[in-house]
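Just below is one structure, and these are the notes that go with it.
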Amino acid sequence: MTRTVTLIPGDGIGPEVTDATLLVLRAANADLEFDVQLAGLEALQQLRNPLPKATLDSAERTRLILKGPLTTPSGSGFRSINVELRKTYDLYANVRPVRTIVPGGRYEDVDLVLIRENTEGLYVGVEHYIGMHGDPRAAAESVMIVTRFGAERIVRYAFEYARRWGRKKVTLAHKANILKYTQGLFLDVARQVANAFPDIEWEDRIIDATAMQLVLDPSRFDVLVMENMFGDILSDLMAGLVGGLGFAPAGNIGTEAAMFEAVHGSAPDIAGKGIANPTALILSACMMLDHVEQGETAERIRSALDMVVREGWSRTRDMGGTATTREFADAMVRALE
Ligand code: NAD
């Protein structure tokens, strides 16, 4: 059955990488149709609302979103629409795989998956100023929230993911040595969940040591699970292991909806130049195809990508080549044909 997808092209490089992804999906005969909607700065400019009702109505109907990056201005009153969408649909599991595609980099054969808790932690956005001595902005405070419910479902998701995709090991990265209550609770819950998965190897590691070990020897890891902010930071580090943000896809999964997007942002430094690498959004679309049981189409796209990049048919600038986004997409279409 054809699945309808709410498509949010986003801003910055978003529309460029979205066009490339649509070309590839069409060439692969993905059984999808798209309902294009606005969000973020574009929506604010055109409709004076960064998350318009039409976009939410569409997502409500389809429960499946493919999204380009959205700019979130720092330090202003503008709330992150990415966070807003994740909250609206309780998309609690942020799944971020990284895999070596371009040969000859610093690491060969990296193949890792980071599962990031997406609804709690420091990113709940509970923060305020604390006025002292008449200065209303003398200090600021953010609250990290970890619930037993939230920790349990994300760790369980990581183990179930490992089982489903034939992966051997789950590592919990945490900071329970310092944050004894919040991170201690996360660790405590993870130990209990791990008992229910005797077939999957399990370990826990301090987050800073995990960062170092990932750089020294990524092959010692397989699936990693952690709270929201740690996952945000380490997933960019892991993207660096495979050549940068242009290669890092993501899925935000809830029980009743899912949203797929690249890890990277709107890249204002290269926006409008037609040189962005669309791989991360193409691979996010592949994760979406897996999710809607069109895994065979996803596999064909991944094989075409391997062919195009490994055999050097086409490479964008971040891969050391000279191809534009469009030329890269055209090479993908040729590979699929
Ligand atoms: P960024 O990911 O946009 O860019 C970081 C660097 O990586 C830049 O040098 C950029 O040119 C490069 N890069 C990113 N994607 C690339 C691609 N596909 N091909 C080639 N090079 C690529 O991070 P930033 O500059 O910190 O953020 C810009 C804006 O994006 C901010 O407003 C931020 O809030 C937002 N953002 C949105 C999302 C999202 O929508 N999911 C995620 C992260 C950041």
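The values are calculated or read from the model by the stated rules, or taken from the named source; none is laboratory data. Quick caveat: nothing in here was measured; it's all calculated off a predicted structure. Note: ideal-geometry Cβ built from the backbone for every residue, glycine included; neighbour counts use all protein chains shown. Calculation scope for accessible area: heavy atoms of the full protein, side chains included, ligands and nucleic acids excluded. Shrake-Rupley method; radii C 1.70, N 1.55, O 1.52, S 1.80 Å.
Per-structure values
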quantity	calculated
Residue within segment 252-269 that is within 16 Å of the ligand (Cβ to nearest atom) and over 17 Å from the mean Cα position of the chain (by Cα) present	yes
Segment 298-319 residues that are within 13 Å of Arg334 (Cβ to Cβ), paired with ones that are of a type in the set (Phe, Trp, Tyr) (beta carbon under 8 Å, 6 or more apart)	Met307/Trp313; Val308/Phe328; Ser314/Phe328
Subset of segment 157-183 (residues that are open to solvent by 10 Å² or more (accessible area, probe 1.4 Å) and closer than 12 Å to Ile200 by Cα)	Glu160, Tyr161, Arg163, Arg164, Trp165, Gly166, Arg167, Lys168, Lys169
Arg106 vs. criteria surrounded by fewer than 18 Cβ atoms within 10 Å (Cβ to Cβ), touching a residue at least 24 places away in the same chain (Cβ under 8 Å), more than 26 Å from Ile253 (Cβ to Cβ) and of a type in the set (Lys, Arg)	yes
Criterion violated by Arg99 - all others in (1) within 12 Å of the ligand (Cβ to nearest atom); (2) open to solvent by 40 Å² or more (accessible area, probe 1.4 Å); (3) in contact with a Phe, Trp or Tyr (Cβ under 9 Å, 6 or more places away or on another chain); (4) closer than 29 Å to Thr2 by Cβ satisfied	(1)
Members of segment 41-70 that are open to solvent by less than 50 Å² (accessible area, probe 1.4 Å), more than 16 Å from the ligand (Cβ to nearest atom) and over 26 Å from Met1 (Cβ atoms)	Pro52
Meets criteria (under 16 Å from Thr21 (Cα atoms), open to solvent by less than 10 Å² (accessible area, probe 1.4 Å), in a loop (DSSP other than H, G, I, E, B) and modelled with pLDDT of 95 or more) for Ala280	no
Unmet criterion (only one of (1) modelled with pLDDT of 95 or more; (2) over 27 Å from Leu85 (Cα atoms)) for Arg148	(2)
Complete set of residues in segment 112-130 that are outside any helix (DSSP H, G or I) and open to solvent by less than 50 Å² (accessible area, probe 1.4 Å)	Leu112, Val113, Leu114, Ile115, Arg116, Glu117, Asn118, Thr119, Glu120, Gly121, Gly125
